[in-house]
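Below: the structure, in structure tokens.
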Amino acid sequence: MSVTGQPAAPIAASTPSAPRLVLAPTRNRAVLDGGWWPRSWDPAAELPGLVLALAERHGRIRHIMLNIHAWDSRPRRLTVGPDVVRLGWFDTLGPALLVATTGRDSQVDLLVVPPGTPLGAAERAMATAADPADLRRAPEILAAVRVPPAATTRPDAYAVWDNEGGGDGVTRYGRDPRIDARRD
């Protein structure tokens, strides 16, 4: 789990757009409860419409868990109507999955189809995720409908920082490894 330094003040949602969402007809507790295709990686623009749509079907949504690297920003709370939804950002949650928790402690697992996915592939992926008979997980569904891997991940500005144990190699070892390589 990663912790972000974002302010804890809730972000007020703008006018939510209608989400591109396909939900399973029943809650048989298959692998996924449906698929969602956001228009961008901006949580303040995309999540309010999703929260409202899920609340119509499942009741109040109180918490949403997302991949920390897939989204443009990482607010901790989002105000949607009279409710404040807590947002959790995790390294361990794949970018193709969103987990929502309702006020009754039910869990709703959704496939997240990357915004740049072509229409046909996105529709097939959402329909597959909403099919209670399909037992594939989110990454397998995206691979089956041929969503390019680059569309499911975003470059991370902190990747070097994380991979080097919190340093850039220069400070940690007191030298620049690129210069050392030129000397050899």
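Does the stretch 27-90 come out rounded, prolate or oblate by the C-alpha gyration tensor, with a ≥ b ≥ c the root eigenvalues, rounded set by a/c under 1.5 and, if not, prolate when a/b is larger than b/c and oblate if not?
On the way: a/c = 1.63, a/b = 1.20, b/c = 1.35.
Oblate.
Applying the Karplus parametrisation 6.51 cos²θ - 1.76 cosθ + 1.60 with θ = phi - 60° to the phi angles of the stretch 36-53, what ³J(HN,Hα) value in whole Hz is obtained for each residue in order, glycine and proline being reported as x?
Here the 3J(HN,Hα) series is 9, 10, x, 7, 8, 9, 8, x, 5, 8, 8, 6, x, x, 5, 4, 5, 5 Hz.
Tell me, what is the 1.4 Å probe accessible area of ARG86, in Å² to the nearest 10?
110 Å²
Which residues' amide hydrogens lie under 5 Å from the amide hydrogen of ARG20, considering only partners 5 or more residues apart or on another chain, with H built in the peptide plane?
Long-range HN contacts for ARG20: TRP37.
If we count every other residue with Cβ under 11 angstrom of VAL99's Cβ, Lys/Arg +1 and Asp/Glu -1, where does the sum land? Kindly include the intermediate steps, with their values, before the conclusion.
Numbers: positive: none; negative: ASP33, ASP109.
My count for the surroundings of VAL99 gives -2.
Could you compute the net charge surrounding ALA55? Neighbours are other residues with a C-beta less than 11 Å from the C-beta of ALA55; K and R count +1, D and E count -1.
Details: positive: ARG57, ARG60, ARG62; negative: GLU56, ASP83.
Charge balance near ALA55 sits at +1.
Could you rank GLU46, GLU56 by how accessible they are, 1.4 Å probe, largest area first?
Numbers: GLU46 15, GLU56 165 Å².
Reading off the accessible areas and sorting them downward yields GLU56, GLU46.
Keeping every protein chain present and rolling a 1.4 Å probe, give me the accessible area per residue for the stretch 6-125 in Å².
On the way: 5160 Å² over 120 residues.
For the stretch 6-125, the per-residue accessible area is 43 Å².
Read phi for every residue in the stretch 79-87 and hand back ³J(HN,Hα) as whole Hz from Karplus 6.51 cos²θ - 1.76 cosθ + 1.60, θ = phi - 60°, with x for Gly and Pro.
Couplings: 8, 10, x, x, 9, 10, 9, 7, 10 Hz.
Give the residues of the stretch 34-67 whose amide nitrogen is closer than 20 Å to a point set 7 Å from the Cα of ALA133 in the direction of its Cβ.
34-35
The values are calculated or read from the model by the stated rules, or taken from the named source; none is laboratory data. Here the structure is a predicted model, which is why all the values come from computation and not from measurement. All Cβ positions, even for glycine, are placed from backbone atoms using ideal geometry, and neighbour counts span all protein chains on display. Calculation scope for accessible area: heavy atoms of the full protein, side chains included, ligands and nucleic acids excluded. Shrake-Rupley method; radii C 1.70, N 1.55, O 1.52, S 1.80 Å.
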